[in-house]
Amino acid sequence: MERKNKIRIIALFALVTLLLSLAACAQPATEEPEIEQPSEEQAEPAEPSEEEEEVELRIAVGARFDDLSPLRGGGHSAFWLSMWWASPMYYDSDGQLHPYVFNEWEANDDFTVWTFKIDPKAVFSDGSPITAGDVKATWDLSAVPTTKHQRVGLFFTGVEGYDAVINSEAMQMSGIAAVDDNTIEVTLTAPDPVFYKRMATNLIPPVKASQAVGPDGKEVFEWWRPENGVVVSGPFMPVSMDLDKSEAVFVKNPNFWMGEPKIDKVTLIAVEDAQTAITLFQSGELDAMNEIFTPTLVEEMGEEFVSGPMIPRGHQFWLDGSKEPTNDINVRKALIMSVDPDMVFEAAFPNGPGQSVTQLLVAVEGVDPEYVWYVPDAGAAQDALAASSYENAENLPKLYFVGISQASHELAAQYIAEVWRQTLGIEEVEMKAAFDEYSGPDQDRVQIFRDDAGARFPDPVVYLMGTIHSSSGPAQRKMGGYNNPEVDRLLEEAATKGADDPDRIALAQQAHELFLEDYMFVPYYFQNMPRYAMPWVTNWSKNSDWQVVEPWNVVIEPH
Amino acid sequence: MSSSPQAFNEVLPEGLEGHEPTSLWRDAFDRLKANKLAVFGFIIVVVLLLVAILGPFITPYDFLSQDLSQRNQSSSAAHLLGTDDLGRDVLSRVIYGARTATIVAFSVTAVSLLIGVSLGAIAGYSGGRVDSAIVWIIDLTMSIPILLLAVVINVSLKTPVTYWMDDMYLKTHNPIYRETIWVDFALVFGALALIMWPPYARLIRGQILSIRNENYVLAARALGFSNRRILFRHILPNGLGPVIVLASAGLGQAMILESAFSFLGIGVRPPIPSWGNMISDGLRVWRNYPHLLAAPAVVLGIITVAFSFLGDGLNDALNPKGWR
């Protein structure tokens, strides 16, 4: 190499090193986020122009989307269904139930037959009424396996004929009947006093049967595209979709019956990279996003950006009771009692949002704020390990975490692993990111699974039935077939009690406490429902169904 | 034939009398010493080795110890390179990362050299079908994408081997089975070694092809020396210079690959520090805490450039004809 070139390389390298060193020595960003706030001057009403400027809500979807069917029951684009589809009923951010497409509902005495009335004002964007036939067709279509609805079981398990449809033995649920144009009746196989609450979701929004359901009873291919003349029931209707670019544009639905939307236009674009999204937010090019996680989100975007009500959902490190060594309750005790939940939360979310876990229930009736599950105690944890069949850390097999899929979870897991190392002498811990790795040989080995669990509406029995009952996903898959017959019995009895019956909550609390005594999870954090929207987006809140509440009232302030 | 300095000077051209005869390697070392950049690179590499060897004794803190009250601190007297998002000392983790990088780099390069030089020498010296077969193997191996191979190994082999070691530990309580970090080294980086040898083989083969018809080799053959003696005493020593140069660059390359694999999550896994996973962690928060990205990145940059300078200097030293 020529000497001149060498000198140039050295100079360049020195310059880069200097710049990086200067950057490294710089003070960390202050807590005040560098977000453009609307100044007083800016907040003044704009000079009236001859032609009013279009008010646009620019939304980032955290993953590319090529399917905007409202009947998929999941995916990033499903967070925005309330923008263009009206749900049967809806919850506000305080957990209060509101009528929407359905304006009345009632059950028979034993809660096995539910009748819903459709609001006569409820119409599609072409002005045609939403009928009971549309509702039945939508719900049947959701259960047909080829529709690939990800969460249909949450809503229709227990409806007569559901099993036949989900097993491809029928195309319609026999328990759902359109009594007349405005009345739909649902017959259940067992009493469910909170069935009506299950219907308050945007994941089964009534769609126009003649558009969505084909002659064979299956979903019509891409019926939901504007090119195919889709009619919708929400406050906004699609006018263009470029799915290759993952972009969709919506405008006001002129026939929306709940009130005229205050925004003219809604644009969905996919922004997969969190840092890119933050840059776009900070430069004022985005208004809202469905989900965004970075370890410094609060520092960069401010507390208001992530503020929101607590929802009935918690993330825990579930311990598999069927694997060694977590099949020994004393090992589980040791692993749990050595960990301070507040510190786990502090490690993962030093600036929030959310809150640390002290029990399993959150944001539902029946949570006793005074209840103390355990007090972190290193000595008691060591004693528990000594009392276990393994006696000490030397005899423990390696511990494996899975579900360490983002930075915050990794920080929490690393914190827990370090506490175990210092308190219990456990040196061998491994962490894996993806759920996919929970397959093959992992099935027999992984003992700790980080995952969230909870309910889509605030009910303690539903929350616990979906989390700790032996039939629930977490009990079967994350806790290795957890089955406490007394917990099951209490929950099953609670599930037969009316929504307002105090015994419902009391039985749930008993089941909850029994479960905690089994030491089945290392506590992590309770989740809130963050705004993920800029300060100038007002009247903006989300509910536990992960939807924007009353999107027709959302306002974009001048900024 | 006498080889004494006196006899040597008797046949030297006028003006060169009094010069001590020196070996090829001594000449090369003298030229290397004169190259300041190479010396700089050499010093950095030596420092790296010392840090890697003495790591546990010179780290100011336990590289795993956390202090949440001290998280994301910038440089201070207590923590020269600051702390990370769990309050761990970054300097201690960078030092431990040097161990990881050095173990990977030297083991990968050593295995690659062993395979590459052996096969290259056999191919170059034997010629004919043996040469064709080895060249075919070289071409085949070079067609394997390194990253893809690492991913495949990580997915298909690492988990079963780790579990097998875990079982063996529980049966035998032999601590050798406890440290499953070695699975990363043996499998992921071992695989690297198995596919990084072709450049060495190609180079040494080319060297031998050009050397084997040199007069001194023909003379050795005429004197009836064995093939082995000719190969190891006459051909290889004269063809090793470029290989040493390539190996020095290979060390830097192996460190970058280790970092790249760890960055992608298929190399060394947290909480064991590697420069790659530290860079990956730092990248997530670089806008607020740039020191977490800068510290491992700058160190990796310095080491890589040092190996490059050293390799460049070795090239100049061992290849005097090309020296400017």
Please name all residue pairs, on different chains or six or more residues apart, with Cβ atoms under 8 Å, provided the first residue is in region B:136-165 and is over 26 Å from B:ARG178 (Cβ atoms) and the second residue is modelled with pLDDT of 85 or more and open to solvent by 60 Å² or more (accessible area, probe 1.4 Å). B:ILE138/B:ARG202
List, please: which pairs have Cβ atoms under 9 Å, are six or more places apart or on different chains, and start with a residue in region A:390-401 that is of a type in the set (Gly, Ala, Ser) and end with one that is in a loop (DSSP other than H, G, I, E, B)? A:ALA393/A:GLY425; A:ALA393/A:ILE426; A:ALA393/A:GLU427; A:ALA393/A:GLU428
Selection count where residues are open to solvent by 60 Å² or more (accessible area, probe 1.4 Å) and over 21 Å from the mean Cα position of the chain (by Cα), scope region B:176-208: 2
Could you please let me know if A:THR538 is among the hydroxyl-bearing types (Ser, Thr, Tyr) and modelled with pLDDT under 95? no
Given (1) in contact with a Ser or Thr (Cβ under 9 Å, 6 or more places away or on another chain); (2) open to solvent by 50 Å² or more (accessible area, probe 1.4 Å); (3) free of Cβ contacts under 8 Å to residues at least 12 places away in the same chain, index of the condition A:ALA386 fails: (1)
Of everything in region A:100-145, what is of a type in the set (Ser, Thr, Tyr), in contact with a strand residue (DSSP E or B) (Cβ under 9 Å, 6 or more places away or on another chain) and assigned to a loop (DSSP other than H, G, I, E, B)? Give them in sequence order. A:TYR100, A:THR112, A:SER125, A:THR131
From the residues in region A:206-222 that are within 17 Å of A:LEU81 (Cβ to Cβ) and part of a loop (DSSP other than H, G, I, E, B), which one is nearest to the chain's Cα centre (by Cα)? A:PRO206
Would you say A:TRP257 is farther than 11 Å from A:ALA60 by Cα, in contact (Cβ under 8 Å) with a residue 60 or more places away in the chain, of a type outside the set (Asp, Glu) and assigned by TED's automatic domain parsing to the domain that holds A:ALA417? no
For region A:372-461, list the strands (runs of 3 or more DSSP E) that sit wholly inside it and hold at least 1 residues that are within 10 Å of another protein chain (Cβ to nearest Cβ); which are they? A:399-402, A:429-431
Just the residues that are open to solvent by less than 10 Å² (accessible area, probe 1.4 Å) and part of a loop (DSSP other than H, G, I, E, B), please, taken from region A:181-197. A:PRO193, A:VAL194
Name the residue, out of B:ALA105, B:ALA121, that is among the aliphatic types (A, V, I, L, M), within 30 Å of B:LEU54 (Cβ to Cβ) and within 22 Å of the chain's Cα centre (by Cα). B:ALA105
Identify, from the list B:LEU264, B:LEU283, the residue that is modelled with pLDDT under 85, open to solvent by 50 Å² or more (accessible area, probe 1.4 Å) and within 14 Å of chain A (Cβ to nearest Cβ). B:LEU264
Please give the number of the condition B:ILE146 fails out of (1) over 21 Å from B:ILE266 (Cα atoms); (2) surrounded by fewer than 20 Cβ atoms within 10 Å (Cβ to Cβ). (1)
Only residues in region A:119-147 that are in contact (Cβ under 8 Å) with a residue 24 or more places away in the chain and among the hydroxyl-bearing types (Ser, Thr, Tyr) count as the first member; pair them with residues that are in a helix (DSSP H, G or I) and buried (at least 18 other Cβ atoms within 10 Å of the Cβ), Cβ under 6 angstrom, at least 6 apart or cross-chain, and list the lot. A:SER142/A:VAL152; A:THR147/A:LEU141
Single residue of region A:258-273 satisfying the filter (surrounded by fewer than 22 Cβ atoms within 10 Å (Cβ to Cβ) and hydrophobic (A, V, I, L, M, F, W, C)) that is nearest to the chain's Cα centre (by Cα): A:ALA270
Which of (1) touching a Gly at 6+ places or on another chain (Cβ under 9 Å); (2) away from chain A (no Cβ under 14 Å); (3) over 26 Å from B:VAL245 (Cβ atoms) does B:GLY120 not meet, given it meets every other one? (3)
Please work out which one of (1) in the same structural domain as A:GLY175 (by TED's automatic domain parsing); (2) surrounded by fewer than 22 Cβ atoms within 10 Å (Cβ to Cβ) is the condition A:VAL101 fails and give its number. (2)
Could you run through region B:286-298 and say how many residues are more than 8 Å from chain A (Cβ to nearest Cβ) and open to solvent by 40 Å² or more (accessible area, probe 1.4 Å)? 1
With (1) closer than 17 Å to A:ASP340 by Cα; (2) out of contact with any strand residue (DSSP E or B) (no Cβ under 9 Å at 6 or more places or on another chain) as the list, and A:GLN406 as the residue in question, which single condition is left unmet? (1)
Among (1) among the small types (Gly, Ala, Ser); (2) farther than 20 Å from A:THR157 by Cβ; (3) crowded, with 16+ Cβ neighbours inside 10 Å - the single one A:SER210 does not satisfy: (3)
Identify all residues within region B:87-103 that are surrounded by fewer than 23 Cβ atoms within 10 Å (Cβ to Cβ) and in a loop (DSSP other than H, G, I, E, B); write none if there are none. B:GLY87
Within region A:146-180, track down each residue that is part of a strand (DSSP E or B) and open to solvent by less than 10 Å² (accessible area, probe 1.4 Å). A:VAL159, A:ILE176
Does region B:236-255 contain at least one residue that is within 14 Å of chain A (Cβ to nearest Cβ), outside any loop (DSSP other than H, G, I, E, B), of a type outside the set (Phe, Trp, Tyr) and more than 30 Å from B:ALA121 (Cβ to Cβ)? no
Where in region B:136-221 are the helices (runs of 4 or more DSSP H), entirely inside, with at least 1 residues that are within 14 Å of chain A (Cβ to nearest Cβ)? B:146-153, B:159-172
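Residue-wise test of (1) over 26 Å from the mean Cα position of the chain (by Cα); (2) modelled with pLDDT of 95 or more.
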residue	(1), (2)
A:ALA107	yes, yes
A:PRO129	yes, yes
A:LEU141	no, yes
A:VAL144	no, yes
A:ARG151	no, no
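The values are calculated or read from the model by the stated rules, or taken from the named source; none is laboratory data. Remember, it's a predicted structure, so these values are computed and weren't measured experimentally. Reconstructed Cβ throughout: ideal geometry from the backbone, glycine too, with neighbour counts over all protein chains shown. The accessibility values were calculated without ligands, DNA or RNA, using every heavy atom of the protein model including side chains. Shrake-Rupley method; radii C 1.70, N 1.55, O 1.52, S 1.80 Å.
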